[in-house]
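Worksheet: one structure, shown below.
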Amino acid sequence: MAMGATDRGAWGSRMGFVLAAAGSAVGLGNIWGFPTQVGRGGGAAFVVLYLLCVGLICAPILIAEIAIGRRTQKDPVTAFEVLRPRTAWWLTGLLGVLAGVGILSFYSVIAGWTLAYVWYTATGAVTGSQDAIGAFFGDFVSNGPLSLGLTLVVLVTTAVIIIGGVRSGIERVTRVLMPLLLGLLVLLAARAVTLPGAEAGLAYYMRPDVSRLFDMSVLNAALGQAFFSLSLGMGAMITYGSYLTRRQGIGGAAVWVVLLDTSVALLAGFIIFPAGFSLPGFDPGSGGPGLIFTVLPRLFDTLPGGHLFGAAFFVLLSMAALTSTISLLEVPVSHLIDGHGWTRRNAVLAITTLTAALAIPSALSNGAVGFFSQLPGLGMSFLDFMAIVWNEFALPIGGLLVAIFVGHIWRVDEALAELRAEGAAFPLGGLWGALIRYVCPIAILLIIIFTTLRTLAS
Ligand code: PHE
């Protein structure tokens, strides 16, 4: 048999693709990242800007990435080489490969925290006053060896799953995970909004402060968060799209992924803010990366059998994180396989080792080592710094390049032919074309330029 479809594997069905892509999209970005960013961005204004970014910029780019992948059936670097040989476009794919390693290196640290909190909530170790819970989190993350160990557990688990061929595994896990996660989130949100004092949280979350709608730094954070949450701008969706067969339509699948991802993020906000504001002296902006780890244990305390709910929540969150780390690792791995002829095993071993080395400063940046915890001159931790570099710059730049490539180089009619292959329905093709040609590149470019100028000026 020739290389190709058989060796690379393919999704069992379009449903399988939707599940895998949603598994990649839904993760820490939704439940940990989104509320944290809303808190930093001043509440509902961030939410409004986020939804605009998702609808006008990210959804069209999601469709473009999937189309590139399905058309070429290749990893992101090779995909650009196939569509435009002997040009520099393959560098867009390479940026994605690097982003995969960069993001995975800090993502695995936080995934390690959620893993530990399964144990801590189940055994009742995190209870008591708000201060006690906050202090517990602070002590926990500043324990360097523990953080490193947990990060390694996450990376090794991801590596083992990827070596064993991811496709059927992801489909199966996500099929059970998604409904359970949504169900539990709805339940927790119902509890949170009925807590005394929850109204203040709802107002913070839903009533935008109009002045912040025009704050460029909030807009840039919203854009970065939207890219991160939908796994865009780094070729993950090109890679997953490359395992689609032509019989499996793209438009409907993309709509599903956007809806699932956005609902989970919005639900997470409906839990964190009402629950947070029901606590005395809560400041949503000061939570930092600990927001969910300090607010949620208090919420679990208010539920009968709260430990079990808490443990179940962190189990589901760990699994959601795992289906995302799998997609992060799959991008560089698929590149070594497709582009350089490595075996899957060696590719996984090499990339995992590299990522683990890069994860060390992030794992030690929450109090364990002073230098990494407060980078001189930057005033932020190494982990925060990585998140900003990759989410707010690398991913939007990757998305910008994809939009320019599909809109002006590969061209919209070619892409539409792919989207409508085998008679697939893809309505609103003209609107999609206009968004990808003009709205996406111009908007992303303006946002990046403004932010860069601001950063340089300050
Ligand atoms: N989308 C994932 C999340 O929200 C993170 C991710 C980013 C995964 C980029 C793959 C690629 O948690």
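How many residues are within 13 Å of residue 63 (Cβ to Cβ), among the β-branched types (Val, Ile, Thr) and either out of contact with any helix residue (DSSP H, G or I) (no Cβ under 7 Å at 6 or more places or on another chain) or within 11 Å of the ligand (Cβ to nearest atom) (or both) if we restrict to the stretch 239-262?
Going through the stretch 239-262 one residue at a time, the tally reaches 2.
So, in the stretch 354-365, how many residues would count as being surrounded by 16 or more Cβ atoms within 10 Å (Cβ to Cβ) and more than 21 Å from the chain's Cα centre (by Cα)?
Counting residues in the stretch 354-365 that are surrounded by 16 or more Cβ atoms within 10 Å (Cβ to Cβ) and more than 21 Å from the chain's Cα centre (by Cα) gives 1.
Quickly run through the stretch 431-458 and pick out the residues that are in a helix (DSSP H, G or I), without any contact (Cβ under 8 Å) to a residue 12 or more places away in the chain and either farther than 29 Å from residue 14 by Cβ or open to solvent by 60 Å² or more (accessible area, probe 1.4 Å) (or both).
If we filter the stretch 431-458 for residues that are in a helix (DSSP H, G or I), which is where we start, we get 431-457.
Narrowing further to those that are without any contact (Cβ under 8 Å) to a residue 12 or more places away in the chain: 431, 434, 442, 446, 449, 452-453, 455-457.
Result: 431, 442, 446, 449, 452, 453, 455, 456, 457.
Within the set of pairs 6+ apart or on separate chains, which have a first residue in the stretch 306-328 that is open to solvent by 10 Å² or more (accessible area, probe 1.4 Å) and hydroxyl-bearing (Ser, Thr, Tyr), a second that is within 10 Å of the ligand (Cβ to nearest atom) and in a helix (DSSP H, G or I), and C-beta atoms under 7 Å apart?
318/111
Considering only the stretch 108-119, I want to know if a residue exists there that is within 28 Å of residue 296 (Cβ to Cβ) and outside any helix (DSSP H, G or I).
If we filter the stretch 108-119 for residues that are within 28 Å of residue 296 (Cβ to Cβ), which is where we start, we get 108-119.
So of that shortlist, the ones also outside any helix (DSSP H, G or I) come out as none.
The answer is no; no qualifying residue exists.
Can you pull out the helices (runs of 4 or more DSSP H) entirely within the stretch 11-76 that have at least 2 residues that are more than 14 Å from the ligand (Cβ to nearest atom) and open to solvent by 10 Å² or more (accessible area, probe 1.4 Å)? Give the derivation first.
Values: elements: 14-25, 34-40, 44-52, 59-72.
It comes to 14-25, 44-52, 59-72.
Part of a helix (DSSP H, G or I), open to solvent by 10 Å² or more (accessible area, probe 1.4 Å) and closer than 22 Å to residue 103 by Cβ, is that true of residue 380?
Values: part of a helix (DSSP H, G or I): no; open to solvent by 10 Å² or more (accessible area, probe 1.4 Å): yes; closer than 22 Å to residue 103 by Cβ: yes.
No.
Just wondering, is there one or more residues in the stretch 213-220 that are over 22 Å from the mean Cα position of the chain (by Cα) and open to solvent by 50 Å² or more (accessible area, probe 1.4 Å)? Before you say what the answer is, go through the steps one by one.
Step one: of the stretch 213-220, the residues over 22 Å from the mean Cα position of the chain (by Cα) are 213-215.
In the following step, the residues that additionally are open to solvent by 50 Å² or more (accessible area, probe 1.4 Å) were identified as 214.
Among the residues of the stretch 213-220, at least one is over 22 Å from the mean Cα position of the chain (by Cα) and open to solvent by 50 Å² or more (accessible area, probe 1.4 Å), which makes the answer yes.
Being buried (at least 24 other Cβ atoms within 10 Å of the Cβ), away from the ligand (no atom under 16 Å from the Cβ) and not polar (S, T, N, Q): is that true of residue 117 here?
For residue 117, the condition - buried (at least 24 other Cβ atoms within 10 Å of the Cβ), away from the ligand (no atom under 16 Å from the Cβ) and not polar (S, T, N, Q) - is met.
Would you confirm whether or not the stretch 80-91 contains a residue that is out of contact with any strand residue (DSSP E or B) (no Cβ under 9 Å at 6 or more places or on another chain), small (Gly, Ala, Ser) and within 14 Å of residue 234 (Cα to Cα)? Explain how you work it out, then say what you get.
As a first pass, look at the stretch 80-91 and keep what is out of contact with any strand residue (DSSP E or B) (no Cβ under 9 Å at 6 or more places or on another chain): 80-91.
So of that shortlist, the ones also small (Gly, Ala, Ser) come out as 88.
Among the residues that remain, those that are also within 14 Å of residue 234 (Cα to Cα) are: none.
Within the stretch 80-91, none of the residues are out of contact with any strand residue (DSSP E or B) (no Cβ under 9 Å at 6 or more places or on another chain), small (Gly, Ala, Ser) and within 14 Å of residue 234 (Cα to Cα).
Can you confirm whether residue 92 is assigned to a helix (DSSP H, G or I), of a type in the set (S, T, N, Q) and either open to solvent by less than 10 Å² (accessible area, probe 1.4 Å) or within 22 Å of residue 162 (Cα to Cα) (or both)? Reasoning before the result, please.
Numbers: assigned to a helix (DSSP H, G or I): yes; of a type in the set (S, T, N, Q): yes; either open to solvent by less than 10 Å² (accessible area, probe 1.4 Å) or within 22 Å of residue 162 (Cα to Cα) (or both): no.
For residue 92, the condition - assigned to a helix (DSSP H, G or I), of a type in the set (S, T, N, Q) and either open to solvent by less than 10 Å² (accessible area, probe 1.4 Å) or within 22 Å of residue 162 (Cα to Cα) (or both) - is not met.
Which count do you get for residues in the stretch 77-89 that are open to solvent by 10 Å² or more (accessible area, probe 1.4 Å) and part of a helix (DSSP H, G or I)?
Within the stretch 77-89, the subset open to solvent by 10 Å² or more (accessible area, probe 1.4 Å) is 78, 81-89.
From what's left, part of a helix (DSSP H, G or I): 78, 81-83.
Qualifying residue count for the region: 4.
State which residue pairs qualify: first residue at negative phi and open to solvent by less than 10 Å² (accessible area, probe 1.4 Å) and inside the stretch 226-237, second residue β-branched (Val, Ile, Thr) and more than 7 Å from the ligand (Cβ to nearest atom) in any location, beta carbons under 6 Å apart, and separation of 6 or more residues or different chains.
Matching pairs, first to second residue: 226/54; 232/61; 236/331; 237/66.
Which residue is farthest from residue 32 (Cα to Cα), if the candidates are limited to the stretch 289-299 and must be more than 16 Å from the ligand (Cβ to nearest atom) and open to solvent by 10 Å² or more (accessible area, probe 1.4 Å)?
Per the criteria, the residue is 298.
Somewhere in the stretch 172-194, is a residue within 16 Å of the ligand (Cβ to nearest atom), buried (at least 17 other Cβ atoms within 10 Å of the Cβ) and of a type in the set (S, T, N, Q)? So that I can check it myself, show each step before the final result.
Filtering the stretch 172-194 for residues within 16 Å of the ligand (Cβ to nearest atom) gives 173-174, 177-178, 181-182, 185.
Still in the list and also buried (at least 17 other Cβ atoms within 10 Å of the Cβ): 173-174, 177-178, 181, 185.
Filter again for of a type in the set (S, T, N, Q), leaving 174.
Within the stretch 172-194 (the criterion being within 16 Å of the ligand (Cβ to nearest atom), buried (at least 17 other Cβ atoms within 10 Å of the Cβ) and of a type in the set (S, T, N, Q)), the answer is yes, since at least one residue qualifies.
For residue 214, all conditions in the list (1) away from the ligand (no atom under 15 Å from the Cβ); (2) among the aromatic types (Phe, Trp, Tyr); (3) at pLDDT 95 or above hold save one; what is the number of the exception?
All conditions pass for residue 214, except number (3).
The values are calculated or read from the model by the stated rules, or taken from the named source; none is laboratory data. Because the structure is predicted, anything quoted here is derived from the model rather than measured. Heads up, the Cβs are rebuilt from the backbone with ideal geometry, glycines too, and the neighbour counts pull from every protein chain shown. All accessible areas refer to the heavy atoms of the entire protein, side chains included, with ligands and DNA or RNA removed. Shrake-Rupley method; radii C 1.70, N 1.55, O 1.52, S 1.80 Å.
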